[in-house]
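Colleague: Dumping the structure here so I can ask a few things about it.
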């Protein structure tokens with residue numbers, strides 16, 4: 001088999017696996033997604049904000065989603081209050097140094113969250129200690145909590161009001177579907193709050 005053929009085979013396998021996981025997610029997680037969209041809309045209409053957090057690729061997804069709400073997704077409209085707890089390097093390093101890495105998001109939840117806010121924790125395993133700690137802190141403050149995980153849900157799911165558990169064990173596929181779900185959520189919130197294209 002030539003190198004070019006091997007590379008094409010890898011691409012084909014990745015896309016086919018992605019399609020299978022996405023199809024299974026659509027078949028099993030649609031009700032959870034609708035509940036999350038309702039929770040997010042209620043939060044924002046009642047004057048709350050969305051806090052989102054995760055590690056590694058999930059940190060990037062958190063920042064991406066927050067930017068789409070504060071800025072724009074598909075519509076020109078007013079900004080929506082959302083913040084990723086993954087962006088302030090001074091806070092991240094100070095809290096990690098003084099209290100340990102498991103406190104890095106929970107401490108920010110304590111500082112910024114209020115009753116009625118929505119916290120979204122991203123963890124492909126559902127076992128990220130700092131994400132779980134932040135979910136616990138958010139619930140203690142009266143926030144609703146969403147968990148976005150892989151197939152098992154993990155400990156994080158136990159501390160959430162709604163869970164999207166992507167039916168896969170492959171980190172890359174889970175993260176890809178999380179991003180699609182966050183894009184769909186941004187689109188849904190724009191439509192519900194500002195009108196426009198019905199989704």
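Colleague: Evaluate E = 1/(1 + (r/R0)^6) for residue 169 and residue 97, where r is the Cβ-Cβ distance and R0 equals 30 Å; express this FRET efficiency to the nearest 0.05. Intermediate results must be reported in sequence, preceding the final value.
Modeller: Working: r = 34 Å, r/R0 = 1.12.
E between residue 169 and residue 97, to the nearest 0.05, is 0.35.
Colleague: Could you tell me what % of all Cα pairs in the chain have separations over 28 Å?
Modeller: Everything past 28 Å amounts to 26 percent.
Colleague: Can you give me the angle between helix 57-70 and the longest principal axis of the chain, using Cα atoms only, in degrees from 0 to 90, rounded to the nearest 10?
Modeller: 60 degrees
Colleague: Which residue fluctuates most in the GNM of the chain (Cα springs below 10 Å): 71, 47, 121?
Modeller: Among 71, 47, 121, the largest mean-square fluctuation in the Gaussian network model of the chain belongs to 47.
Colleague: Sticking with this one: Given springs between every Cα pair under 10 Å in a Gaussian network model of the chain, which of 185, 30, 11 has the largest fluctuation?
Modeller: 11
Colleague: Assuming 0.890 mPa s and 25 °C, estimate D for the range 1-80 with Stokes-Einstein, Rh taken as the Kirkwood radius over Cα pairs, in µm²/s.
Modeller: Working: Rh = 15.9 Å.
The Stokes-Einstein estimate is 154 µm²/s.
Colleague: Based solely on its DSSP helices, what 222 nm [θ] is calculated for the chain when runs of n ≥ 4 H residues each add -39,500 (n - 2.57) and the sum is averaged over all residues, nearest 500 deg cm²/dmol?
Modeller: Details: 7 runs with 116 residues, N = 199.
Mean residue ellipticity, 222 nm, calculated: -19500 deg cm²/dmol.
Colleague: Expressed as a rounded percentage, what relative contact order does the chain have, with Cα pairs under 8 Å and six or more residues apart?
Modeller: On the way: 335 pairs, mean separation 44.0, N = 199.
That works out to 22 percent.
Colleague: Let me ask you something else. Using only Cα atoms, tell me the angle between helix 129-140 and the longest principal axis of the chain; keep it within 0 to 90° and round to the nearest 10.
Modeller: 40 degrees
Colleague: By how many degrees, 0 to 90 and rounded to 10, does the Cα axis of helix 171-194 deviate from the longest principal axis of the chain?
Modeller: It is inclined by approximately 50 degrees.
Colleague: Okay, next question. Between 126, 57, 116, which gets the highest mean-square fluctuation from a Gaussian network model of the chain, Cα cutoff 10 Å?
Modeller: 57
Coordinate-derived values only; no laboratory data. Worth saying up front: this structure is predicted, and the values here are computed from it rather than measured. Cβ atoms come from the backbone with ideal geometry, glycine included; neighbour counts cover every protein chain shown.
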